[in-house]
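Taking it in order: structure first as structure tokens, then the write-up.
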Amino acid sequence: MMPSPDDPQAPPPEGPETGADDATQVGDAISASFMPSDAMAAKIEALLFVHAKPISARRIADLLEVPSVIPVKQSLALLAKRYDDMGSAFSLQELANGYQLTTRPEHDALLHKLVREREAQKLSPAALECLAVIAYKQPISRLDIESIRGSSSDHLVRALLERGFIQVSERDKNRGNAALYGTTGEFLRAFGLRSQSELPRQADLATPAAEGEPAVEQVEVKDPQA
């Protein structure tokens, strides 16, 4: 005899819902109650695109005014899969307790070339000269920099410090604890160098013209987009 559907002793009906993951069901319900997943993914993509550092799922949820991180993480997974399936230049990385939109390693050489050109264009000739003095003479004090350049360099040193190209590497106790400056990893990155040893040799920078060859005239190189 088959038990009646109304019989309290009857076992629960079998079907695809039996044994389903409750957390997944809750997450799907939460997602559907706010905005379609594609719409949320687009908003998250915009946030990741303009944010230079990893951003947590909780922070994204706060910005979207969503009380749960579950739909946010589902949308992040959707974006990551979409980038992989499309063979996109971008990938979604989980870094430092957050998420960041990054370019794929195979494009590094091309992007580094563009970054180096932009970084160099932002520095004035005087700033480049000051940076070169520090790069080759480090650790070096501001007074020694000015002695080599023959002009005040205080504002140039400050500008290079702000850009992160130089730092106070040590102090000269024999000269009133004066700051001695050296280049940073950011300097190496911006100019495409793996280490200080890859800097051109000073002798190569001042090679005299061979006998009978005219000296190369120095000209100012301008940014074609200026």
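The values are calculated or read from the model by the stated rules, or taken from the named source; none is laboratory data. Note that the structure is a prediction, hence the values are computed from the model and not measured. Note: ideal-geometry Cβ built from the backbone for every residue, glycine included; neighbour counts use all protein chains shown.
Overview of values
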| read-out | value |
| --- | --- |
| Test: residue in region 1-21 that is at pLDDT below 90 and assigned to a helix (DSSP H, G or I) | no |
| Contacts under 7 angstrom Cβ, first residue in region 51-77 being under 16 Å from LEU92 (Cβ atoms), partner basic (Lys, Arg), 6 or more apart | ALA57/LYS73; VAL69/ARG58 |
| Filtered residue count, region 37-50, keeping only those that are under 20 Å from the mean Cα position of the chain (by Cα) and in contact (Cβ under 8 Å) with a residue 24 or more places away in the chain | 4 |
| Any hit, region 93-106, residues being within 30 Å of GLY192 (Cβ to Cβ) and in a helix (DSSP H, G or I) | yes |
| Matching residues in region 78-119 - criterion: being in contact with a His (Cβ under 8 Å, 6 or more places away or on another chain) and free of Cβ contacts under 8 Å to residues at least 24 places away in the same chain | ALA89 |
| Tabulated pairs, region 175-201, first farther than 15 Å from ASP144 by Cβ and modelled with pLDDT of 85 or more, second hydroxyl-bearing (Ser, Thr, Tyr) and part of a helix (DSSP H, G or I), C-beta under 8 angstrom, 6+ apart or interchain | LEU199/TYR136 |
| Tally, over region 149-181, of residues that are buried (at least 17 other Cβ atoms within 10 Å of the Cβ) and closer than 14 Å to LEU128 by Cα | 8 |
| Which listed residue, of VAL72, VAL26, is surrounded by 12 or more Cβ atoms within 10 Å (Cβ to Cβ), modelled with pLDDT of 90 or more and either over 24 Å from HIS107 (Cα atoms) or among the basic types (Lys, Arg) (or both) | VAL72 |
